[in-house]
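J.: One structure is given below, represented as structure tokens, and several questions about it will come after.
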Amino acid sequence: MFCRFMILTVSLVVVPFETRRELCVTSVKIYTSGFAAILSLCAFLEMSVVWMSLRGTIIHRQPRSHMPCLVYGRLGTETPLFLPNVKAKQYAVYIAVLA
């Protein structure tokens with residue numbers, strides 16, 4: 001996940017999106033920025049899950065009582081990242097069946 005985030009950040013900084021004002025260039029910048037935001041939120045939630053799991057002991061579970069909220073929150077932020085991949089694979093299978 002860190003490699004993806006670094007690649008997205010470098011591409012947002014290095015690639016000159018402002019030189020051309022075409023629709024596709026603007027869309028790529030918006031989608032890349034959104035993907036980087038979702039990915040950073042996932043990284044923050046992952047660090048929160050790690051921090052929360054280090055609290056308490058085996059017997060004393062009370063400090064980890066909010067762990068399900070973090071796990072479901074991370075699942076909710078990961079879903080937009082995987083849905084386009086699933087749709088693309090479905091489309092590829094559809095094209096392969098037609099060919």
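J.: Looking at P68, P84, which is the one that is farther than 25 Å from F35 by Cβ, part of a helix (DSSP H, G or I) and either among the aliphatic types (A, V, I, L, M) or out of contact with any Gly (no Cβ under 7 Å at 6 or more places or on another chain) (or both)? Outline the logic, then answer.
T.: Working: P84 fails: farther than 25 Å from F35 by Cβ.
Matching residue, one of P68, P84: P68.
J.: Across the range 73-97, what is the total count of residues that are loosely packed, with under 11 Cβ neighbours inside 10 Å and touching a residue at least 12 places away in the same chain (Cβ under 8 Å)?
T.: Number of matching residues: 0.
J.: Could you go through the range 58-72 and let me know if any residue there is surrounded by 12 or more Cβ atoms within 10 Å (Cβ to Cβ), at pLDDT below 80 and either out of contact with any strand residue (DSSP E or B) (no Cβ under 8 Å at 6 or more places or on another chain) or among the β-branched types (V, I, T) (or both).
T.: no
J.: Moving on. Cβ-Cβ distance below 7 Å, separation of 6 or more or different chains: which pairs start in the range 35-58 with a residue that is within 15 Å of L75 (Cα to Cα) and end on one that is at pLDDT below 85 and among the hydroxyl-bearing types (S, T, Y)?
T.: I38/T77; L41/T77; C42/T77; L45/T77
J.: I'd like the full set of residues that are of a type in the set (D, E, K, R) and under 19 Å from V49 (Cα atoms), limited to the range 68-93. Break it down into steps so the answer makes sense when it comes.
T.: Taking the range 68-93 first, the residues of a type in the set (D, E, K, R) are 74, 78, 87, 89.
Those that are of a type in the set (D, E, K, R) and under 19 Å from V49 (Cα atoms): R74, E78.
The values are calculated or read from the model by the stated rules, or taken from the named source; none is laboratory data. Treat the numbers as computed from the prediction; the structure is a model and nothing was measured. In this analysis, Cβ positions are derived from the backbone assuming ideal geometry, glycine residues included, and neighbour counts consider all displayed protein chains.
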